[in-house]
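J.: Can you keep this structure in mind? I'll have questions shortly.
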Ligand SMILES: *Cc1c(COP(=O)(O)O)cnc(C)c1O
């Protein structure tokens, strides 16, 4: 079915078409000069020493775990409210994901106190996810990770271009931990179709990632093409997680639009919050809205990436009924995310309890349409439809005839 208002949409124009044509005319399709330029430009934006482009966000997470030497018998603390990629890649390296609770239904990011609760002698790393483009409480999390000598990985797939302002200079998503992971999948803030990036300030980590990205080989095809090397050695058992120059060329164009598009997402978010405010007195929650009222140490609204527009319904039943009514009105919604420990492949095994808020969030969350080319009129339409659905009188259980 095609929707009147989709969940997300691309901001692609003639620039992206020209960028792909540039690569086609140049006839170097695999990882080459466009990728090198994309990495340099991305590192400048993120403020990290290094950026290493990879084939997708999941590959970025896999590389991060491998570069940090995480493997069998290691535990990785991570939020239960996340896309499944981080948990799956934890399993892929033979380690155990340990799921932590969120701060609250209005702030669905990993609660820093969970790190202390869940740390064991096996804990090697913490993955944080800046849900919806809004930062986790990074100052607290950084301090706890330092104290317990845990590596800190940012799953920054929602937060490309977001900056976390401390007192002095602001630091971008992907520069706050040991290693940052990004995705450029079609519904993200920076889109190449498939694509991803690993960012880090650590020379030792980027060296490992670059090696593992391309079969563990000591030199690249591009280097050999330019006569810089004649042969290669294999230094590690690597993968093929390379991006290609077509995707990198798209990424460079999208990078130029990033700040403008993130700003547009924030404007549309503020519109939504204003229109949906009246639902807050009726059991609904607008996550992160408090950030617009007062900025804090860990996150200020005017620096977020506003990737998603999540709203939390009073209960699961209302959530599904309202999502159905929006669908009938031609409005696409989604659910970020189903509860990871509830998936068949994870069922029960990794959960150490204490996840009531995460479970409630996953049952009650509706993700509303949000994309930079969206109009204020469309925000009005979606908000109006949600309010109508939320306030429509429901058949009450008390009028159902009973038999006793
Ligand atoms: C999109 C996404 C990923 C996975 O990225 P892919 O490019 O689809 O592999 C991982 N984590 C989060 C939070 C994401 O949003």
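J.: Does the range 349-358 include one or more residues that are crowded, with 20+ Cβ neighbours inside 10 Å and assigned to a helix (DSSP H, G or I)? So that I can check it myself, show each step before the final result.
T.: Going residue by residue through the range 349-358, those that are crowded, with 20+ Cβ neighbours inside 10 Å are 355, 358.
With the extra rule that they be assigned to a helix (DSSP H, G or I), the set shrinks to 358.
Looking through the range 349-358, at least one residue is crowded, with 20+ Cβ neighbours inside 10 Å and assigned to a helix (DSSP H, G or I).
J.: Anything in the range 104-136 that is surrounded by fewer than 20 Cβ atoms within 10 Å (Cβ to Cβ), free of Cβ contacts under 8 Å to residues at least 40 places away in the same chain and within 16 Å of residue 357 (Cα to Cα)? List them, or say none.
T.: 113
J.: Could you please let me know if residue 181 is surrounded by 18 or more Cβ atoms within 10 Å (Cβ to Cβ), over 24 Å from residue 55 (Cβ atoms) and within 16 Å of the ligand (Cβ to nearest atom)?
T.: Values: surrounded by 18 or more Cβ atoms within 10 Å (Cβ to Cβ): yes; over 24 Å from residue 55 (Cβ atoms): no; within 16 Å of the ligand (Cβ to nearest atom): yes.
So residue 181 fails the test.
J.: Continuing with this model, one more query. Spot the failing condition for residue 385; the list is (1) modelled with pLDDT of 95 or more; (2) surrounded by 12 or more Cβ atoms within 10 Å (Cβ to Cβ); (3) within 25 Å of the chain's Cα centre (by Cα), and only one is missed.
T.: It is condition (3) that residue 385 fails.
J.: Just to check your reading of the model, which residue among 2, 30 is part of a loop (DSSP other than H, G, I, E, B), farther than 25 Å from residue 238 by Cβ and at pLDDT below 95?
T.: One residue alone meets the criteria, 2.
J.: Give the residues of the range 81-97 that are surrounded by 24 or more Cβ atoms within 10 Å (Cβ to Cβ), in contact (Cβ under 8 Å) with a residue 60 or more places away in the chain and more than 18 Å from residue 159 (Cα to Cα), sorted by residue number.
T.: Filtering the range 81-97 for residues surrounded by 24 or more Cβ atoms within 10 Å (Cβ to Cβ) gives 81-82, 86-87, 89-90, 97.
From what is left, the residues that are in contact (Cβ under 8 Å) with a residue 60 or more places away in the chain are 81-82, 86-87, 97.
Residues satisfying the conditions are 87, 97.
J.: Now a separate question. Within the range 166-175, can one find any residue that is within 29 Å of residue 285 (Cα to Cα) and within 14 Å of the ligand (Cβ to nearest atom)?
T.: Among the residues of the range 166-175, at least one is within 29 Å of residue 285 (Cα to Cα) and within 14 Å of the ligand (Cβ to nearest atom), which makes the answer yes.
J.: Right, another one. Please go through (1) within 16 Å of the ligand (Cβ to nearest atom); (2) closer than 24 Å to residue 136 by Cα; (3) surrounded by 18 or more Cβ atoms within 10 Å (Cβ to Cβ) for residue 261 and return the number of the only condition it doesn't satisfy.
T.: Condition (1) is where residue 261 drops out.
J.: While we're looking at this one, here's another question. Is there any pair with a first residue in the range 251-276 that is in a helix (DSSP H, G or I) and a second that is surrounded by fewer than 16 Cβ atoms within 10 Å (Cβ to Cβ) and at pLDDT below 95 whose Cβ atoms are under 6 Å apart and which are 6 or more apart or on different chains, and what are they?
T.: If the second residue must be surrounded by fewer than 16 Cβ atoms within 10 Å (Cβ to Cβ) and at pLDDT below 95, no pairs are left.
J.: Please work out which one of (1) surrounded by fewer than 23 Cβ atoms within 10 Å (Cβ to Cβ); (2) away from the ligand (no atom under 16 Å from the Cβ) is the condition residue 249 fails and give its number.
T.: (1)
J.: Only helices (runs of 4 or more DSSP H) wholly contained in the range 38-153 count here; list those with 2 or more residues that are out of contact with any helix residue (DSSP H, G or I) (no Cβ under 8 Å at 6 or more places or on another chain) and more than 12 Å from the ligand (Cβ to nearest atom).
T.: Working: elements: 57-67, 85-92, 112-118, 138-147.
Output list reads 112-118, 138-147.
The values are calculated or read from the model by the stated rules, or taken from the named source; none is laboratory data. What you see is a predicted model, and the numbers here were worked out from it, not measured in a lab. Positions of Cβ are backbone-derived with ideal geometry, glycine not excepted, and every protein chain shown enters the neighbour counts.
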